[in-house]
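Trainee: I'd like to ask some things about the structure below.
Values quoted throughout were computed directly from the atomic coordinates according to the rules given, and no laboratory measurement underlies them. Please read these numbers as outputs of a predicted model, since none were measured by experiment. Positions of Cβ are generated from backbone atoms using ideal geometry, with glycine treated the same way; all protein chains shown enter the neighbour counts.
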Amino acid sequence: MNIPLKVHAVVSDPNTEAQIVILKDEQNVELLPIWVGVTEGNAIRFALEGIVPQRPLTHDLLRDLLNHLSVQMEKIVIHDLNNNTYFATLYLTHRRAPEPEGPGGPVEFTIDARPSDAIALALRAGVPIYVTEEVLRKKSSENLDEWLERLKPKDFGSYNA
């Protein structure tokens, strides 16, 4: 089963230069932190804060390209955790025009993606973000609780929902 998540915040890891994307379920029961690079964290933060750069960022370009090609992103799913690395999939639909020889119609397909890219693109496209129950079971809650206890309010970036 897939569990819907929302991006709660993007915070700086006080021990490294990495950014942490904090995802939470609607009941605030499940918490999923994903460490990403500074560039990826900023791309997600820009989308959360509605910042529109003067020139399109890579995720803006990809969203516009998908739209131009009549491909709609339906959702993203963070589906695996292996050696502290998360894996995500984009779920897409191509809206094909009817063909003279056949029915045409929508074609569904998936593309593997880094979770940071998938999240940044999902926020720009306004589509849901999901995580599988298996990934939530795999994450280490002991280390997470310890890390959360060390956080201070100043560690949170400019976005905190």
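Trainee: Where in the range 21-115 are there strands (runs of 3 or more DSSP E), lying fully within it, with 2 or more residues that are over 22 Å from L5 (Cα atoms) and aromatic (F, W, Y)?
Mentor: Ranges flagged: none.
Trainee: For the range 18-38, which positions are surrounded by 13 or more Cβ atoms within 10 Å (Cβ to Cβ), more than 14 Å from the chain's Cα centre (by Cα) and not hydrophobic (A, V, I, L, M, F, W, C)?
Mentor: The one that is surrounded by 13 or more Cβ atoms within 10 Å (Cβ to Cβ), more than 14 Å from the chain's Cα centre (by Cα) and not hydrophobic (A, V, I, L, M, F, W, C): E30.
Trainee: Could you go through the range 55-68 and let me know if any residue there is free of Cβ contacts under 8 Å to residues at least 40 places away in the same chain, touching a helix residue (DSSP H, G or I) at 6+ places or on another chain (Cβ under 9 Å) and buried (at least 19 other Cβ atoms within 10 Å of the Cβ).
Mentor: The answer is no, given that none of the residues of the range 55-68 is free of Cβ contacts under 8 Å to residues at least 40 places away in the same chain, touching a helix residue (DSSP H, G or I) at 6+ places or on another chain (Cβ under 9 Å) and buried (at least 19 other Cβ atoms within 10 Å of the Cβ).
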